[in-house]
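Reading through the structure tokens given below for one structure.
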Amino acid sequence: MAAPLTSKLLVSDFASSVRHIPLTYVRPISDRPQLSLVENSGDTIPLIDLRDLYGPNRTKIIRQISHACSTYGFFQIKNHGVSETTVNKMLTVAREFFHQPEGERMKHYSTDSTKTTRVSTSFNVSADKILNWRDYLRLHCFPIQDFINEWPENPVSFKEITAEYATSVRALVLRLLEAISESLGLERDHISNRLGTHAQHMAFNYYPPCPEPELTYGLPGHKDPTAITVLLQDQVSGLQVFKDDEWIAVYPIPNTFIVNIGDQMQVISNERYKSVLHRAVVNTEKERLSIPTFYFPSTDAVISPAQELIDGQTSPAVYKSYPFVEYWDKFWDRSLATASCLDAFKASTT
């Protein structure tokens, strides 16, 4: 039996006080996580060591990235260049943010997806018919000086630590974009150049313990709107990736990041690399924290398949050229029930 509706806006403000989840969080029987099935899968995403990315093993690492992007759309990385100290400080201050009193977190609450710093819940509470067991802080972080003044004032170290982390991850992303370009047979700077002046957002996802995790999701299956996403997660598992018609669990490995291909990379690669469904499940015992860095084209960029990957006979253009801002508007004007917006930008086949 599900609990009645709650007057609290954020999940974290009522999660510990209910024995059954509110009706608005309960998924239809046909759309539930089936957690026991996933646990029996032996597959997981590749782990790639980036230590020699600029050394004698570069060609081997590029091949590993190509295989991961074309087969899974996801991979984990170690020896990535972001210090363990920076990572641990980011996880600590993010958790501190969500452990603050309700009034402090609610200072930033908004359902307006155009706000560049905001706290909210679910995905798009204006469009979601069934809510998700997640609260989040989302913020823009490039260029940092354009946004840092609107970031939370508390915890007092939040701005400094987040800026340090965002800067370190951006440097990593730029290296990854070079490697992915090279793996497609393109010039190293091709993808970076296609992203205009670049945009970088972060989300701090907080998943409280859930009394009935088999009935709901932290986030249901979805694809990212990004070029790539770099995910930091704590040591509580919850991420699952869809491959070969089944969900596979991605278990946390200390001091690694998870990288996945987003919709914009699918377009630029002319579908050699595909954006892949993934989801977050919850559990009864432990809170979970994940921090994805979303790396985008700037809103004035125009996205299209790389000309070098188009062959009129064997590999015609799958997508037409489009202003990224058109995609972005479609992305936020929906719920996650629609996995991707890309069908609207398919090239004409007539």
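Just one residue in the set SER192, SER275, SER181 is under 30 Å from ASP146 (Cβ atoms), touching a Leu at 6+ places or on another chain (Cβ under 6 Å) and not hydrophobic (A, V, I, L, M, F, W, C); that residue is SER192.
Going by the structure shown, is ASP52 over 30 Å from TRP151 (Cα atoms), outside any helix (DSSP H, G or I), open to solvent by 40 Å² or more (accessible area, probe 1.4 Å) and touching a helix residue (DSSP H, G or I) at 6+ places or on another chain (Cβ under 8 Å)? Criteria met by ASP52. Taken over region 135-153, the residue count meeting the criterion of being in contact with a helix residue (DSSP H, G or I) (Cβ under 8 Å, 6 or more places away or on another chain) and open to solvent by less than 50 Å² (accessible area, probe 1.4 Å) is 9.
Is there a residue being touching a strand residue (DSSP E or B) at 6+ places or on another chain (Cβ under 8 Å), assigned to a loop (DSSP other than H, G, I, E, B) and either of a type in the set (A, V, I, L, M, F, W, C) or under 30 Å from LEU172 (Cβ atoms) (or both) anywhere in region 60-71? No - not one qualifying residue is present in region 60-71.
Within region 13-56, the set of residues being of a type in the set (Gly, Ala, Ser) and in contact with a Phe, Trp or Tyr (Cβ under 8 Å, 6 or more places away or on another chain) comprises ALA15, SER41. Of the residues making up region 185-205, just one is more than 21 Å from SER269 (Cβ to Cβ) and over 19 Å from the mean Cα position of the chain (by Cα), namely THR197. Within region 93-119, residues that are free of Cβ contacts under 8 Å to residues at least 24 places away in the same chain and over 27 Å from LYS286 (Cβ atoms) reach partners that are surrounded by 13 or more Cβ atoms within 10 Å (Cβ to Cβ) and among the aliphatic types (A, V, I, L, M) with beta carbons closer than 7 Å, at six or more positions or on different chains, in the pairs THR111/VAL125. For region 154-167, the candidate set comprises residues that are out of contact with any Lys or Arg (no Cβ under 6 Å at 6 or more places or on another chain), in a helix (DSSP H, G or I) and not hydroxyl-bearing (Ser, Thr, Tyr); within that set, the residue that is most open to solvent (accessible area, probe 1.4 Å) is GLU160. Consider GLU285 carefully, then state whether it is open to solvent by 30 Å² or more (accessible area, probe 1.4 Å) and in a helix (DSSP H, G or I). No, not satisfied.
The values are calculated or read from the model by the stated rules, or taken from the named source; none is laboratory data. Keep in mind that what you see is a predicted model, and the values were worked out from it rather than measured. Virtual Cβ from ideal backbone geometry, glycine too; neighbours counted across all protein chains shown. Keep in mind that these areas ignore ligands, DNA and RNA; they rest on the heavy atoms of the full protein, side chains included. Shrake-Rupley method; radii C 1.70, N 1.55, O 1.52, S 1.80 Å.
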